[in-house]
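Remarks on the structure that follows.
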């Protein structure tokens, strides 16, 4: 059976090439794969496309990757006023940004994982989001077409994994992580704890192992956000 | 411009809380709506929804008891109440966009008399701006109540004929609660329901770009019975 467990976060991200397209889980300081992000920064890949809800807080979360110029392009819902390094690059015109409504971001990712080639939703109709997109009217309501959003890698954070890669999450640290897990060629998860196969109740598994390719244990880092 | 006192942000939130009923599932956005949970009458239970995956969100966590894996959409550590559940962000937005929540309350920059809504970007401001969950929540709301100041800091009306700021969603607002009035969006335009104590409908109209419909005597903004 394929061994998915990696001994270090650096080993887990060693083959991420420059120019890669990567999902990053996390919301509001919870559920960010901070150890993987920092390992990627050490590894030095650049010209990356980041698909994420937000763009870090100071040097925290994705902040360090923007600070060191690793990311060229962003698809995000709410980059955030505290994403200082991103905002500097954006204002200087050094980074491209596609803003996506948050729930549509979720569904575009889910669609990519589910073999769905796009969908129509009323969200965004008549707004800047619809510019350049196909519109159709269903039942008298204007809708906008959204294509799926896939990536080569997903960097996610879970609470526990078994050695196969079945995952459970902790409270609101779940957020985007299970969605992103299904839509990447290579899903890399950092977890607080790795447990033997059979010790997670099958009823409790949130992400089944088929979606998980690499597991690495790392003590979680919370970048506490001051509201 | 009248210098009469307006409602405080807390008073606007307290008025908005009167819109909630026992058992309602409710999303509260940034700004004044974030204060509304402080004014829910103790005899009813409201299940607050958070876009990052909570139904049944309770008060903010006490100092020293924070769990940074339990945060609200403003990234503040919170608690949960009995009956709560956690789920992923996609399911959270499915609830909002699919019309499964009873009420959503959002802060606003402009509301137009046809119910169009702008709340995510002020033209000309620096930085990227951000949409977040607002478009999904506004588009799918069964009942969308916007809570905001009646005019901007510069005194410009926020209840307008047509939105000039980037739109969040088309024709989605049902009611607006401001520091001067409670206004409903109707097929005929804004219907003035209540005015702040000491204000006349004519005075509130002077702070409003769109024309109000006024039917009979307009009562004062309701206060909580508590």
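The values are calculated or read from the model by the stated rules, or taken from the named source; none is laboratory data. Note that the structure is predicted; figures quoted are calculated from it, not measured. Backbone-built Cβ (ideal geometry, glycine too); neighbour counts: all protein chains shown.
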Among the numbered criteria (1) touching a strand residue (DSSP E or B) at 6+ places or on another chain (Cβ under 8 Å); (2) modelled with pLDDT under 95, which one does residue B:61 miss? (2)
Can you tell me how many residues within the range B:129-143 are within 20 Å of residue B:95 (Cβ to Cβ), within 10 Å of chain A (Cβ to nearest Cβ) and in a loop (DSSP other than H, G, I, E, B)? 3
So is residue A:113 farther than 20 Å from residue B:95 by Cα, surrounded by 13 or more Cβ atoms within 10 Å (Cβ to Cβ), modelled with pLDDT of 95 or more and at the interface with chain B (Cβ under 9 Å from one of its Cβ atoms) or not? no
Could you please give the count of residues in the range A:137-173 that are surrounded by fewer than 17 Cβ atoms within 10 Å (Cβ to Cβ), in a loop (DSSP other than H, G, I, E, B) and within 12 Å of another protein chain (Cβ to nearest Cβ)? 1
Going through the range A:1-34 in order, the residues found to be surrounded by 24 or more Cβ atoms within 10 Å (Cβ to Cβ) and assigned to a strand (DSSP E or B) are A:22, A:23, A:24, A:27, A:30
Pairs please, first residue from the range B:153-167 and more than 15 Å from residue B:6 (Cβ to Cβ) and within 14 Å of another protein chain (Cβ to nearest Cβ), second anywhere and at pLDDT 95 or above and assigned to a loop (DSSP other than H, G, I, E, B), Cβ atoms under 7 Å, 6+ apart in sequence or on different chains. B:163/B:116; B:165/B:109; B:166/A:127; B:166/B:120; B:167/A:126; B:167/A:127; B:167/B:116
Is one or more of the residues making up the range B:60-67 within 8 Å of chain A (Cβ to nearest Cβ) and crowded, with 21+ Cβ neighbours inside 10 Å? no
Top-ranked residue in the range A:194-207 [being surrounded by fewer than 20 Cβ atoms within 10 Å (Cβ to Cβ) and either within 14 Å of chain B (Cβ to nearest Cβ) or touching a helix residue (DSSP H, G or I) at 6+ places or on another chain (Cβ under 8 Å) (or both); ranked as farthest from residue B:85 (Cα to Cα)]: A:205
Any residue at all in the range B:39-46 that's crowded, with 22+ Cβ neighbours inside 10 Å and more than 26 Å from residue A:56 (Cα to Cα)? yes
Just one of (1) part of a strand (DSSP E or B); (2) away from every other protein chain (no Cβ under 14 Å); (3) crowded, with 20+ Cβ neighbours inside 10 Å trips up residue B:13, so point out which. (1)
Tally of residues being in a strand (DSSP E or B) and buried (at least 22 other Cβ atoms within 10 Å of the Cβ) across the range B:95-122: 9
Being out of contact with any strand residue (DSSP E or B) (no Cβ under 7 Å at 6 or more places or on another chain) and more than 8 Å from chain B (Cβ to nearest Cβ): is that true of residue A:73 here? no
Can you name the residue in the range B:89-128 that is within 8 Å of chain A (Cβ to nearest Cβ) and at pLDDT below 95 and, of all such residues, is nearest to residue A:98 (Cα to Cα)? B:128
Count, please, the residues in the range A:21-47 that happen to be under 13 Å from the mean Cα position of the chain (by Cα), more than 17 Å from residue A:10 (Cβ to Cβ) and more than 12 Å from chain B (Cβ to nearest Cβ). 3
With the range B:31-94 as the region, which strands (runs of 3 or more DSSP E) entirely inside it contain at least 3 residues that are within 16 Å of residue A:31 (Cα to Cα)? none
Condition first: outside any loop (DSSP other than H, G, I, E, B), under 30 Å from residue A:91 (Cβ atoms), modelled with pLDDT of 95 or more and out of contact with any helix residue (DSSP H, G or I) (no Cβ under 8 Å at 6 or more places or on another chain). Can you find one or more residues in the range B:179-201 that meet it? no
